[in-house]
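First comes the structure, then the notes that go with it.
The values are calculated or read from the model by the stated rules, or taken from the named source; none is laboratory data. On a predicted model such as this, the values are computed, not experimentally measured, just so you know. Every residue, glycine as well, gets a Cβ built from its backbone with ideal geometry; the counts of neighbours run over all protein chains shown.
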Amino acid sequence: MRISARTQYALRAAAELAAAPPGPVPAERIASSQDIPRRFLDNILLQLRRAGIIESQRGPDGGYWLARPATEITLADVILVIEGVPSHSERFPGVAGPLAEVWSALRTFENATLTEITLAHIAEGSLPPLS
């Protein structure tokens, strides 16, 4: 699986929000603590807000926070927002045909792993046992 820089930034920003004390977290703080370019981060935060992963408040006391508890937001949730739904219509000709089954099994394993790990796991540094 190849994770884009945009998705990695989104996961890092979401983890930062999961680890933050209650209340709005300014975008500038997220950008500086996670070394994410601010303009890039603003677009990512907008995308996550539109998808209902985070909420925001404008103004001097404004910022961003998770829309649900970190225990209820999986890595797969964030990745789906940023990457979209992957295409699974791969077919290979001739002798390479079985490769489609291999890729399907890998996607199933990836999805199972990413849906087991929540932002709370990342923020607390305590990953569940991975199979």
The correct count of residues that are over 14 Å from the mean Cα position of the chain (by Cα) and without any contact (Cβ under 8 Å) to a residue 12 or more places away in the chain in segment 1-42 is 8
Of those in segment 101-131 that are of a type in the set (A, V, I, L, M, F, W, C) and not in a helix (DSSP H, G or I), the residue modelled with the lowest pLDDT is Leu130
Among (1) assigned to a loop (DSSP other than H, G, I, E, B); (2) touching a residue at least 24 places away in the same chain (Cβ under 8 Å); (3) of a type in the set (Val, Ile, Thr), Val81 falls short only on (1)
Scanning segment 58-72 for residues that are modelled with pLDDT of 95 or more and within 20 Å of Ala27 (Cα to Cα), the one farthest from the chain's Cα centre (by Cα) turns out to be Gly63
Reported set for segment 17-34 where residues are in a loop (DSSP other than H, G, I, E, B) and either surrounded by fewer than 19 Cβ atoms within 10 Å (Cβ to Cβ) or in contact with a strand residue (DSSP E or B) (Cβ under 7 Å, 6 or more places away or on another chain) (or both) is Pro21, Pro22, Gly23, Pro24, Pro26
Scanning segment 4-56 for residues that are among the β-branched types (Val, Ile, Thr) and either more than 11 Å from Val78 (Cβ to Cβ) or in contact with an Asp or Glu (Cβ under 7 Å, 6 or more places away or on another chain) (or both) gives Thr7, Val25, Ile30, Ile36, Ile53
Does His88 satisfy the condition of being modelled with pLDDT under 95 and either closer than 16 Å to Arg12 by Cα or not in a strand (DSSP E or B) (or both)? yes
Going through segment 43-78 in order, the residues found to be among the polar types (S, T, N, Q) and either under 17 Å from Thr115 (Cα atoms) or part of a loop (DSSP other than H, G, I, E, B) (or both) are Thr71, Thr74
By residue number, the members of segment 45-64 that are loosely packed, with under 11 Cβ neighbours inside 10 Å and farther than 16 Å from Ala10 by Cα are Arg58, Gly59, Pro60, Asp61
